[in-house]
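Novice: The structure under discussion is supplied below as structure tokens; questions concerning it will follow.
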Amino acid sequence: MNFLEEKILADGVVNKGNVLKIDNFLNHQIDIDIMRQIAYEFKRRFKGEEVNKILTIEASGIAIATLVADLYDVPVVFAKKGQTLNSTDDKYISNAYSFTHQRMNQIFVSRPYLTKEDKVLIVDDFLADGEASHALIDLVKQAGGTVIGIGIAVEKGLQKGGDKLRKEGFHLESIAIVEEMDYETQTIKFRHE
């Protein structure tokens, strides 16, 4: 059992609808020590890969992405979910359904921040059905860049998004893969590959 699985078992709560609540250290309150360990683990798992940009989606992936980018000494780009007054029309756009929020999000990255020269490591906190990862991959493809890999803190293996990405040939590394969750008993079981 690794450090993240131990933390999930100690502090995680299974809510109805296959929702894993770990907001006391990852999604709402951030445990910097856990974030640091996640970043070092991604750096280890993607050792030897040439990366010049880290890409994530707002908001919960930003903390992890920032620490990973620090280790690589590269910029972080995060796809925004909403238009603002300073949004430009010159952007890459994709759509991602959020399992947690139960809604479709249009995400975007302004064109200057993703280019064909970019070798991108996608980083996020959760992977369920793979919608967010596929939308981020789409943004990189639109820019002509290369997806080097995908680093996920917690993959919900029971939802098969990770299995699909692996079958598509992406180098996907998930630190914790939740294979089973039970609301009634509050049990969580992990897959080990």
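Novice: For the range 3-191, build the charge dipole from Cβ charges (+1 Lys, Arg; -1 Asp, Glu) around the Cα centre, then report which of 69, 93, 37 sits farthest towards its positive end.
Specialist: 93
Novice: Using packing as a proxy for protection, rank 20-26, 60-66 so that the peptide with the highest average count of other Cβ atoms within 10 Å comes first.
Specialist: The peptides rank, most packed first, as 60-66, 20-26.
Novice: Determine, for each peptide in 4-11, 170-177, the mean count of other beta carbons within 10 angstrom over its residues, then list the peptides with the highest first.
Specialist: Output ranking for 4-11, 170-177: 170-177, 4-11.
Novice: Any idea what the dipole of the chain comes to, in debye rounded to 20, about its Cα centre with Lys/Arg Cβ at +1 and Asp/Glu Cβ at -1?
Specialist: 420
Novice: Please report the relative contact order for the chain, taking Cα pairs under 8 Å with a sequence separation of at least 6, and give it as a percent rounded to a whole number.
Specialist: 19
Novice: Based on the mean of other Cβ atoms within 10 Å per residue, sort peptides 113-120, 180-187 so the most packed one is first. Mind showing how you got there, number by number?
Specialist: On the way: 113-120: 17.0, 180-187: 11.5.
Going from most to least packed, we get 113-120, 180-187.
Novice: Provide the FRET efficiency to the nearest 0.05 for the residue 182-residue 97 pair, computing r from the beta carbons and using R0 = 22 Å.
Specialist: Efficiency computed from Cβ-Cβ geometry: 0.35.
Novice: Which one of 32, 152, 122 has the biggest mean-square fluctuation once the chain is modelled by GNM with Cα springs under 10 Å?
Specialist: 32
Novice: Lysines within cross-link reach of residue 47: Cα-Cα under 21 Å, excluding same-chain residues under 8 positions apart?
Specialist: 119
Novice: Separate question: With the convex hull built on the Cα atoms of the range 37-79, state its orientation-averaged projected area in nm².
Specialist: Approximately 2.7 nm², given one-decimal rounding.
Novice: Oh, and also: Using the beta-carbon distance between residue 15 and residue 111 and R0 = 35 Å, what value does 1/(1 + (r/R0)^6) give for FRET efficiency, to the nearest 0.05?
Specialist: 0.35
Novice: Still on this model: Once Rh for the chain is found with the Kirkwood sum over Cα pairs, what is the Stokes-Einstein diffusion coefficient at 37 °C and 0.692 mPa s, in µm²/s?
Specialist: In µm²/s, the coefficient is 195.
Read-outs: derived from the displayed coordinates by stated rules, not from any lab. Source: prediction; values computed, not measured. In this analysis, Cβ positions are derived from the backbone assuming ideal geometry, glycine residues included, and neighbour counts consider all displayed protein chains.
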